[in-house]
Each structure stands twice: as C-alpha cells, then as structure tokens.
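Report on the following structure.
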Amino acid sequence: MKTNPWIQNVPLYEPGRPLEEVARELGLSDVTALIKTASNENELGPSPKAIEAMQQTASQMHRYPDGACFYLKKKLAEKAGINPENILLGNGSNEIIEFLGHAFLGPNQSMVVSETAFVVYRLVCALFQAPCIQVPMQDFTHDLDAMRAAITPDTRIIAVCNPNNPTGTSVDPQKLTDWVATIPEHVLIAIDEAYFELMPYDARPDLLALIRGGKKNLMILRTFSKAYGLAGLRLGYAIAHPDLITTLNHARQPFNVNAMAQAAALAALDDEDHLQRSYDTNTAGLTYFHAFLDQAGIPYVPSTANFVLIKTGDARQDCQKLLQHKIIARPMTGYGLPEWIRLTIGTQEQNEKMRDTLLSL
Ligand SMILES: Cc1ncc(COP(=O)(O)O)c(C=O)c1O
C-alpha cells in the first residue's frame with residue numbers, strides 16, 4: 001500500500017491518560033481515588049438535567065440523529081441573540097478546526113497561530129500540508145500585533161485561542177475587538193473561545209456583536225466540553241456569517257453530532273444553575289491556586305481558564321511523582337515547555353490535595 005507521505009508527519013495527539021488505565025497501572029480498584037487534572041474537564045460533571053436527558057434518549061439510539069441539529073441550533077441562537085444560520089455544530093470543536101483545514105488550507109495556503117497555542121491548530125496544518133506560521137508569545141500571551149505582521153499573501157486563517165491552552169492567558173477584550181477590524185478581509189479570523197463561560201466576566205470580549213453586524217471573515221468557536229462538563233459526548237460549535245457556515249457544511253459528514261449529545265446539550269443549556277456553579281467553583285479554585293503558588297514562590301502563569309501552567313522544574317519527572325500520589329497531571333514538554341506542568345482546577349477538596357502534593361515535591 002502507498003499512503004500519502006505527509007500523513008506520517010502529522011504528530012499523533014497525546015491525550016490525557018484515561019482514569020481506568022492509570023488505576024490499573026497503580027493497582028487501584030477504584031478510579032475515584034484518582035484526581036485527573038490533565039484534560040481541563042469539569043470536575044462537577046454534567047448537569048443532572050443533561051444526565052436525565054441522556055437516559056431518556058437511550059432507548060432511541062437505533063435512530064439516526066437529526067443531521068441538521070434543528071432544536072439545538074435554535075436554542076443556541078436564541079441564547080446568543082443570533083440566527084440558527086450562524087451556527088455550525090461539530091463533533092467537538094476540534095472537528096470544526098479540521099473543517100477549516102478542508103475549506104481553507106493547502107500546501108500554499110498558510111495559517112498563523114501563536115507558538116504556544118492549542119496544539120490542534122498545528123496538527124490540522126500538518127494534515128493539510130499547510131505552512132503553519134508560528135509567532136512567539138509575549139509573556140505567555142498572544143502577541144496580536146506580531147501575529148498580524150506575520151500574515152503573508154498566502155495566509156488563509158489567523159487563529160487566536162482566547163483564553164489560550166496551555167498558558168491560560170487571554171488578551172485584553174477591547175484590544176482583541178479592535179485588532180479583529182485590522183485583519184485583511186481575505187484572512188479568516190478564528191477566535192477559539194473553548195473556555196469562554198469560565199472566563200472572568202471582565203475578560204470576555206463581545207465578538208458576537210461583530211457577527212450580528214454581518215462580519216464575514218470572523219468565526220467564534222465554543223464547546224460543551226469545558227464549562228458544560230460534556231467532553232465525553234464530543235460537541236462544539238462555530239458562530240459565523242451564514243456564508244461561511246454554508247461553506248464549512250460542505251466538509252461535514254451528515255450525522256457528525258450524535259443524538260445523545262444533542263439531547264444533553266439542549267438540557268444543559270436550560271440548567272443555568274449548574275453553569276453558574278461551574279463558574280463559581282472554577283473562579284474560587286483559580287483564586288486558591290494563584291494564592292498558594294504566590295505564597296510558595298512557585299512560578300506560574302495567572303490564568304483566565306480552568307487550569308494553571310506551573311513551573312515545577314522537570315515536568316515529566318514531576319508528573320510521575322504526582323502520579324504516585326494519584327494525581328494525573330500533564331507535562332508541557334510537547335509544547336516546548338519541559339519545566340512546566342498544567343493542572344486543571346477541580347473541586348476544593350481536589351485543589352487542596354493538589355496543593356499539598358505540589359508543595360511536598
Ligand atoms: C483552546 C481549545 N480549543 C479547543 C479544544 C477542543 O475542545 P473540544 O472538546 O470541543 O474538541 C480545547 C480542548 O482542550 C482547547 O483547549
């Protein structure tokens with residue numbers, strides 16, 4: 001067999017290790033003894049309303065899902081003050097990043113990202129043989145001016161993760177809004193807001209207003225994987241001008257969003273209390289982390305998301321040590337940060353255990 005030669009150059013994504021696998025390795029019979037702080041999940045779990053909706057949908061799993069996601073788009077549109085035509089749903093927001101590759105990228109069509117941005121943007125470039133122009137960050141934050149300056153005539157996409165994973169930083173909301181207006185119209189601006197609902201209120205940009213105003217080269221990406229605690233269902237969405245949504249729909253498989261995900265998301269959107277609890281727990285956890293790291297003199301990057309990037313010294317070794325204490329953390333070696341680990345904020349009890357263990361390393 002002859003495969004496409006470039007496929008071998010697409011790095012394999014290294015996911016956080018499953019709880020069951022780690023429990024087996026440590027000889028534990030109970031996965032609840034572990035703290036999984038490696039994948040920026042919501043430790044409160046899904047909304048009880050979403051769980052109930054999934055249970056109710058289970059008996060209908062012999063049916064194909066609604067390929068148009070009619071009700072979910074309708075509800076999302078109502079909440080965001082936009083039209084259903086502005087929305088595209090994906091099997092996780094990761095799938096939508098891949099749609100961008102299909103629609104925009106190629107060997108002579110580049111993407112501009114930050115050097116330490118969410119890795120999937122780089123992987124998608126490699127998948128489509130597209131040059132990935134990587135711009136150094138400034139103080140672990142997107143350098144918006146340098147990114148704009150890096151645009152070349154063949155650039156098709158400029159992507160900003162706000163907040164960024166793994167640094168947790170976000171850019172000034174007004175600066176971002178002003179910057180969007182300065183990007184040439186032939187370049188799609190993809191703003192990845194995976195952690196939007198967990199961000200401090202005053203850090204949130206209002207880019208939806210630009211979409212409502214008819215801006216054509218802007219796309220916002222959101223997900224149910226973080227604040228909504230539904231990562232296992234794989235559901236993300238894009239908000240953009242209807243013309244762009246139509247274009248991306250050409251790259252989409254007919255039933256890319258499963259029926260259980262649609263039912264759970266509809267119910268989760270009705271559970272404002274659970275979303276608020278998730279926000280409050282995360283905000284309190286971030287404050288707790290920042291305070292104890294300050295107190296201990298451990299270098300870290302102040303975060304606006306649900307995780308913190310922490311400089312511990314030897315990331316791989318330190319994650320191994322944390323594992324011995326039943327904490328699954330993520331070394332940032334793959335991001336070129338071999339001295340840094342990333343920890344996801346958990347419940348207060350989990351945060352305290354992470355603190356005690358970190359201090360004892
Ligand atoms: C910045 C960013 N974008 C997108 C994603 C992917 O989210 P999803 O689960 O919706 O594919 C993540 C997941 O960690 C992320 O950190």
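Here, each number is a calculation from the coordinates, and none is a lab measurement. Bear in mind that the values here come from a model prediction, so they are computed numbers and not experimental data. Counting neighbours? That spans all protein chains shown, and the Cβs are built from the backbone with ideal geometry, glycine included.
According to the square roots a ≥ b ≥ c of the eigenvalues of the Cα gyration tensor, what is the shape class of the stretch 318-361, taking rounded for a/c under 1.5, prolate for a/b larger than b/c otherwise, and oblate for the remainder?
Prolate shape, in that a/c is at least 1.5 and a/b is the bigger ratio.
Hey, how many Å between the Cα centroid of the stretch 192-210 and the Cα centroid of the stretch 139-154?
20
Grab the stretch 48-270 and count how many Lys pairs have their alpha-carbon atoms under 20 Å apart, sequence gap of 8 or more, or different chains.
Lysine pair count for the stretch 48-270: 13.
Antiparallel versus total DSSP beta bridges in the stretch 48-270: what percent is that, nearest 5?
Taking every DSSP beta bridge with both residues in the stretch 48-270, the antiparallel ones total about 40 percent.
I need the semi-axes of the equivalent ellipsoid of the chain: take the C-alpha gyration tensor, multiply each eigenvalue by 5, square-root it, list largest first in whole angstrom.
Taking √(5λ) for each Cα gyration eigenvalue gives 31, 26, 21 Å.
Explain nothing, just the number: dipole magnitude of the stretch 48-270 about its Cα centre with +1 on each Lys and Arg Cβ and -1 on each Asp and Glu Cβ, in debye rounded to the nearest 20.
Charge dipole, the stretch 48-270, about its Cα centre: 600 debye, nearest 20.
Could you compute the FRET efficiency for Asp30 and Gln253, with r as their C-beta to C-beta distance and R0 at 30 Å, rounded to 0.05?
0.20
Rank these for me by crowding, Met137, Met260, going from fewest to most other beta carbons within 10 Å.
Met137, Met260
Over the Cα atoms of the stretch 164-289, what Rg and Dmax result, in angstrom?
Answer for the stretch 164-289, Rg first and Dmax second: 15.9, 46 Å.
Return, in residue-number order, each cysteine of the chain whose C-beta is not under 4.7 Å from any other cysteine's C-beta.
Cys69, Cys161, Cys319
Where does the chain land at 222 nm, in deg cm²/dmol rounded to the nearest 500, when only DSSP H runs of n ≥ 4 count, each adding -39500 (n - 2.57), divided by all residues?
-11000 deg cm²/dmol
Could you calculate the contour length gain from His290 to Arg63, that is, 0.36 nm times the residue separation minus the distance between their Cα atoms, to one decimal place in nm?
Using 0.36 nm per residue and subtracting the Cα-Cα distance, I get 77.0 nm.
Please work out how much length the chain gains when fully extended from Asn83 to Gln320, using 0.36 nm per residue of separation minus the C-alpha to C-alpha distance, in nm with one decimal.
So the chain would gain 80.5 nm between Asn83 and Gln320.
For the chain, set up a GNM with springs between Cα atoms under 10 Å and report which of Ala150, Ala291, Ala305 has the largest fluctuation.
Ala291
So for the stretch 107-242, considering every pair of alpha-carbon atoms, how many percent are separated by more than 20 Å?
Here the long-distance tail beyond 20 Å is 44 percent of all Cα pairs in the stretch 107-242.
If r is the Cβ-Cβ distance from Glu185 to Phe70 and R0 is 35 Å, what FRET efficiency results, to the nearest 0.05?
Once rounded, the FRET efficiency stands at 0.65.
What does DSSP give for the stretch 82-188 in terms of the percent of beta bridges that are antiparallel, rounded to the nearest 5?
Roughly 20 percent of the DSSP beta bridges within the stretch 82-188 come out antiparallel.
Most fluctuating residue of Pro131, Pro15, Pro338 in a GNM of the chain with Cα springs under 10 Å: which is it?
Pro15
For a quick check: sort Ser278, Ser47 by the number of other beta carbons within 10 angstrom, fewest at the front.
Ser278, Ser47
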